[in-house]
Amino acid sequence: MLRTILTRRSVRRFTTDPVTDAELRDLLRAAMQAPSAVDERAWQFVILSGDVLASYLDLNGNTPRGAPTGILVCCDPGLEKVAGYAVQDCSAAVMNILLAAHAKGLGAVWTTVFEDHRPAVRALLGIPEAVVPFAFVPIGRPAARPEPADRYDEGRVHRNGW
Ligand SMILES: Cc1cc2nc3c(=O)[nH]c(=O)nc-3n(C[C@H](O)[C@H](O)[C@H](O)COP(=O)(O)O)c2cc1C
């Protein structure tokens, strides 16, 4: 597990090979296994592929192209038991997707859904007004995988106080 964490990198170049439904199911299972505030699981997931994915990418230039599919992670405040915690739930879910993808030999990258792009994303995908498209994770088979980076920084560690 530690090796998976330490070797994960963002993958932004993909082959054209498909990702199977079973692989996607494993990633969604990992996402929904994430911790959440009082186990509220204030998340929803939208799988994108084909023309819909192409339209999504046209709206969100910050998202690398070329992956055959991806998972849009959405915050659902209607599921919150503690106001304001959906973002933290969804962050944990995104991280689990990234780690599960890497563990399975897939490539993925966390991408932002900018606030001013959210209305168009909602309209494209029929997402309810109250639900927040939070992060999109393109998923595919890596065409290139960045080298692991050791980022341990003792200067950021404070013991028993700052
Ligand atoms: C909140 C968040 C937003 C990010 N948004 C984008 C994005 O919009 N597009 C992108 O290509 N990468 C995005 N990234 C990926 C980061 O650029 C990447 O994680 C960082 O450079 C460290 O590299 P690594 O993931 O390979 O370790 C985002 C990561 C996080 C955590």
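The values are calculated or read from the model by the stated rules, or taken from the named source; none is laboratory data. Being a predicted model, the structure only gives us computed values, none of them experimental. FYI the Cβ positions are ideal-geometry reconstructions off the backbone, even for glycines, and counts take in every protein chain you see. In case anyone asks, the SASA skips ligands and DNA or RNA and just uses the protein heavy atoms, side chains included. Shrake-Rupley method; radii C 1.70, N 1.55, O 1.52, S 1.80 Å.
A compact table of results
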read-out	value
Value in Å of the Kirkwood radius, where segment 2-45 supplies the Cα pairs that are averaged	13.2 Å
Protein accessible area in segment 1-93, 1.4 Å probe - carbon and sulfur %	52 percent
Average projection area in nm² (convex hull over Cα atoms of the chain, one quarter of hull surface)	11.1 nm²
20 Å reach of a label modelled at A123, 7 Å along Cα-to-Cβ, counting backbone N of segment 16-53	51-53
Net charge of neighbours whose Cβ lies under 12 Å from the Cβ of L79, counting Lys and Arg as +1 and Asp and Glu as -1	-3
Mean Cα-pair separation over length for the chain, i.e. relative contact order, pairs under 8 Å, 6 or more apart, %	36 percent
Given charges at beta-carbon only (K, R positive; D, E negative), |dipole| of the chain in Debye	540 debye
Fully extended contour minus Cα-Cα distance, from K104 to A83, at 0.36 nm per residue	4.1 nm
Ranked packing of 1-12, 70-81, most packed first, by mean Cβ within 10 Å	70-81, 1-12
Calculated P(r) of segment 5-89 - Cα pairs past 14 Å, %	70 percent
Solvent exposure of the chain as accessible area per residue, Å², 1.4 Å probe	57 Å²
